[in-house]
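Peer 1: Input: one structure, supplied below.
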Amino acid sequence: SLSNCSLIWEQTNDPKSGLDVDTADAVAVDSSGVYVVGRDEIPGNDQWRMEKRSLSNGSLIWEQTNNPSSSDDMAYGVAVDSSGVYVVGRDRSPGHDQWRMEKRSLSNGSLIWEQTNNPSGSYDYPSDVAIDSSGIYVVGRERVSSTNYQWRMEKRSLSDGSLLWEQNSDPSSSTDHAYAVAVDSSGVYV
C-alpha cells in the first residue's frame, strides 16, 4: 500500500518448472493492468515472455512469448501508453546480440510492429525504454571494439518504430552501458 508499504497482493509464475531460469526484468502499469516482461526457457533456450496482469489481484489477463532465435533472447524493458505496450530486449537472430523493439496490443498482447537494429554488427542490446507523445526512447549498448562498448540512445516513431534519431556516448575506453531512461517535457534522462 502507498501509506505503509504493506503487501496488497502477490503472484508467482514458473513457466518452465524446475531449475531453469525464468526472470521478470521490467514492469510498467496503466489503468487497465500491470505489464511484466522478462524471459523463460520453455523452448530449451531463453525466449521473451510478456504478461499483462490484473491491477486488483495480479491474476493473468494475457501472456505472449517470442523466440526470435534458437539462442538466448531476453526482454529487458517495457513502457505503455494508450495505444500499446512497448518492449525492448536482446535478439540473437544474427548469431550475436542485436536490438529488438516491439509494440504490442493492450488487449491481448498481439504484435503490432517490430524493429531490429544491429548498429555495430556485433554484440549490441537495449536495456530500457520510455515514451512520451512524440516518440519512444530506447537506451543500451553498442560494441565499438572487442574490449569497448559505448552508450547508445535512440528515439523511434510510436506508429511504426522507425528511427527518428540516434546518439552515442563513449565516456571511457572500456565497457559503458546505458541501463535506464526516463523522459519529461524538458528532456531525456539516461
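Peer 1: With Cβ to Cβ distances under 14 Å as the rule, what net charge do the other residues near G140 carry (K, R +1; D, E -1)?
Peer 2: With Lys, Arg at +1 and Asp, Glu at -1, the net is -3.
Peer 1: Follow-up question, since we're still on this one. Taking Cα centroids, how far is region 63-103 from region 1-49 in Å?
Peer 2: 15 Å
Peer 1: Kindly list the residues of region 157-181 that lie in the label zone of T147, defined by a backbone N under 15 Å from the point 7 Å along the Cα-to-C-beta vector.
Peer 2: From region 157-181, the list is 172-176.
Peer 1: Can I ask one more? Hey, what did region 138-190 get for relative contact order, percent, Cα under 8 Å, at least 6 apart? Before the final figure, lay out each step's value.
Peer 2: Working: 94 pairs, mean separation 18.3, N = 53.
That works out to 35 percent.
Peer 1: Considering Cα pairs under 8 angstrom that are at least six residues apart, work out the relative contact order of region 1-105 and quote it in whole percent.
Peer 2: Rounded, it is 19 percent for region 1-105.
Peer 1: Order W9, W113, W99, most accessible first, counting only protein heavy atoms with a 1.4 angstrom probe.
Peer 2: Accessible-area ranking of W9, W113, W99, largest first: W9, W113, W99.
Peer 1: Please report, in debye to the nearest 20, how large the charge dipole of region 56-190 is about its Cα centre when each Lys and Arg carries +1 at its beta carbon and each Asp and Glu carries -1 there. Present the calculation step by step, with values, prior to reporting the outcome.
Peer 2: Numbers: 10 positive and 18 negative charges, 18 e Å.
About 80 debye.
Peer 1: When the chain is treated as a GNM, springs tying every alpha-carbon pair under 10 Å, which of S173, S70, S110 comes out with the largest mean-square fluctuation?
Peer 2: Of S173, S70, S110, the Gaussian network model singles out S173 as fluctuating most.
Peer 1: Also, quick follow-up: Assuming R0 = 22 Å, can you tell me the calculated FRET efficiency for the pair D30 and S169, based on Cβ-Cβ distance, to the nearest 0.05?
Peer 2: After rounding to 0.05, the efficiency reads 0.10.
Peer 1: Starting from the Cα of A180, step 7 Å toward the Cβ, then list every residue of region 4-47 with an amide N under 19 Å from that point.
Peer 2: Flagged as within label range: 24-30, 35-38.
Peer 1: I've got another one for you. Lys/Arg Cβ at +1, Asp/Glu Cβ at -1, dipole of the chain taken about the Cα centre: which of M101, M50, S157 is farthest positive-ward?
Peer 2: S157
Peer 1: In what order, largest first, do I131, I61, I8 sit by accessible area if the probe radius is 1.4 Å?
Peer 2: From most accessible down to least: I8, I61, I131.
Peer 1: Which lysines, on any chain, are close to K16 with Cα under 27 Å apart, when same-chain ones fewer than 8 places away are left out?
Peer 2: K52, K103
The values are calculated or read from the model by the stated rules, or taken from the named source; none is laboratory data. Please read these numbers as outputs of a predicted model, since none were measured by experiment. As a convention, Cβ positions derive from the backbone with ideal geometry for all residues, glycine included, and neighbour counts pool all protein chains shown. For the accessible areas, the whole protein counts, side chains as well, though only heavy atoms, and no ligand, DNA or RNA atoms are used. Shrake-Rupley method; radii C 1.70, N 1.55, O 1.52, S 1.80 Å.
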